[in-house]
Amino acid sequence: MSKKLYTSGEINAVFNSNINKNLFFNKVEIDSRQLSNRTIFFAIKGVNDDGHRYVKAVLKNKNNLAIISEKPNNLRSIRTKNTLEGLRNLASYARQRSNSKIIAITGSCGKTSLKNLLNISLSKFGKTHSSPKSFNNHYGVPYSLANLSSDNKYGVFELGMSFKGEIDKLVNLVKPHIAIITNIGPAHLENFKNINGICKAKAEIMNGICQNGIIILNKDDKFFYSLKKIADHKNIKVLTFGYSKSDIQIIKKSAKVFFKIKNKIFKLKIKNFNKSFLYNVAATLCVHYYLNHNINLLKNNFNNFKIPEGRGNEKKIQIRNKKILLINDSYNSNPVSLNEAIYNFSSRKKNKCRKILIMGDMLELGKKSKYYHQQAAKILNKTNIDKVFCVGSEVRHTYQKLNHTKKGLLIKNISFLKENIFSILENNDILLVKSSNRIGLFNFFNKF
């Protein structure tokens, strides 16, 4: 972030205010726990908390500013009718003044990992700003965009959605030059009639692409041609990636991976051969290809990439005297990401170790929940995974369809798992944990 993110003159122009002209600010914040010197704090009223409770503490620092919707009692407060709308207005100003190349990412899974890959790789070519963690909703996107400095060369933003119309609002705020759809799957299906509805909602990202911008699509996705048709109708250029013939093609030969870029072969140093990771690398290369970057400068860029916590990161843990290799993929789960996790897990060598899956519910699948949980069992029955332990209520449909030899336990709650985790596991087990976040497995296993 630059030394001066905003001057008081810029803030006065955005909010029609009259704060001290000598002030400047380095950061925008909506979480009072993340304050630092020269912070603009937006007191947002959320479902569980109200930012106005922390305004007094914020203003103890004489260099801080509070944007509030209640009556101000301090000269370093600006009153606005709606603080979230005020944050959007500041984000809109940040985008308007920016000369950055803006990249926006959506999709049913893989968004955060792809965003992190782009953040690291683009930083080789210039100062890069990206949204933190998984800040991809109506709070997180304007917050991330408002922190975009005027001297950033690149900005990378993640756009999420649960309902129709959400991405449309976000993308028209971000206004990307490059948009990426990682894949389309039945995530948040309970809010749509079918997956076609999800496809159309994700395609809203094309509504805000800058003139002469591009959309990057997964050629292997079954909704590719539906998305390409929308892009063609809007006269948006399409770049593709995938294992099938595409602009950036993944070529896997035994223990080696190559990337074919417009008939030229590139070999990158990569340790992680997971299908989902390779898709994200290919999508990243699409961005660099479009920006006319020297791909050779990225040869060592992906080798030591750290996967975000709870999205398939591996670590060796010890439960009492038992050594376990934990693959923690418990931050989120839907049929697409679960199938990829199972595929990757079953593809790795066993080396005389047991492969154990602890599977939690996939949430927000609506009337299709039973179907998708049963489908998971059909896939699992064909793998070399030794035992499957199911945690939650919806996973009973998976458990019921598992082959007898694969059945571990059907566990209704985390408390039982905490008490029995030691007896479930054996020394040198490889353990994959896959679940939707709200089940609680992410918090439980993230402590190890």
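The values are calculated or read from the model by the stated rules, or taken from the named source; none is laboratory data. Computed from a predicted structure; not experimentally measured. Every residue, glycine among them, receives a Cβ derived from its backbone with ideal geometry; neighbour counts consider all protein chains shown.
State whether one or more residues within region 152-161 are within 22 Å of Glu204 (Cα to Cα) and in contact (Cβ under 8 Å) with a residue 60 or more places away in the chain. No; the residues of region 152-161 include none that is within 22 Å of Glu204 (Cα to Cα) and in contact (Cβ under 8 Å) with a residue 60 or more places away in the chain. Taking the listed residues Glu394, Glu419, the one that is over 20 Å from the mean Cα position of the chain (by Cα) and surrounded by 17 or more Cβ atoms within 10 Å (Cβ to Cβ) is Glu394, with no other qualifying. Look at region 323-346: where a residue is under 13 Å from Leu357 (Cβ atoms) and a partner is among the hydroxyl-bearing types (Ser, Thr, Tyr) and modelled with pLDDT of 95 or more, sitting 6+ places away or on another chain with Cβ atoms under 7 Å, you get Ser330/Ser435; Ser333/Ser435; Ile342/Thr383; Ser346/Thr383.
Only strands (runs of 3 or more DSSP E) whose full extent lies in region 222-330 are considered here, and the ones with at least 2 residues that are of a type in the set (Lys, Arg) are 248-253, 256-261, 313-319, 322-329. Of all residues in region 366-391, how many are part of a loop (DSSP other than H, G, I, E, B) and surrounded by fewer than 16 Cβ atoms within 10 Å (Cβ to Cβ)? Matching residues across region 366-391 total 3. The residue of region 249-273 that is farthest from Pro176 (Cα to Cα), among those that are polar (S, T, N, Q) and surrounded by fewer than 20 Cβ atoms within 10 Å (Cβ to Cβ), is Ser254. Pairing each residue of region 411-430 that is part of a helix (DSSP H, G or I) with any residue that is modelled with pLDDT of 95 or more and surrounded by fewer than 16 Cβ atoms within 10 Å (Cβ to Cβ), provided the two are 6+ apart or on different chains, yields no C-beta distance under 9 Å. Residues in region 327-362 that are surrounded by fewer than 21 Cβ atoms within 10 Å (Cβ to Cβ) and under 20 Å from Asn413 (Cα atoms): Asn334 alone.
So, in region 293-326, of the ones that are surrounded by fewer than 20 Cβ atoms within 10 Å (Cβ to Cβ) and basic (Lys, Arg), which residue ends up farthest from Arg438 (Cα to Cα)? Looking at the filtered set, the residue picked out is Lys299. Here Gly242 fulfils each of the conditions (1) over 16 Å from Thr284 (Cβ atoms); (2) touching a residue at least 24 places away in the same chain (Cβ under 8 Å) apart from (1).
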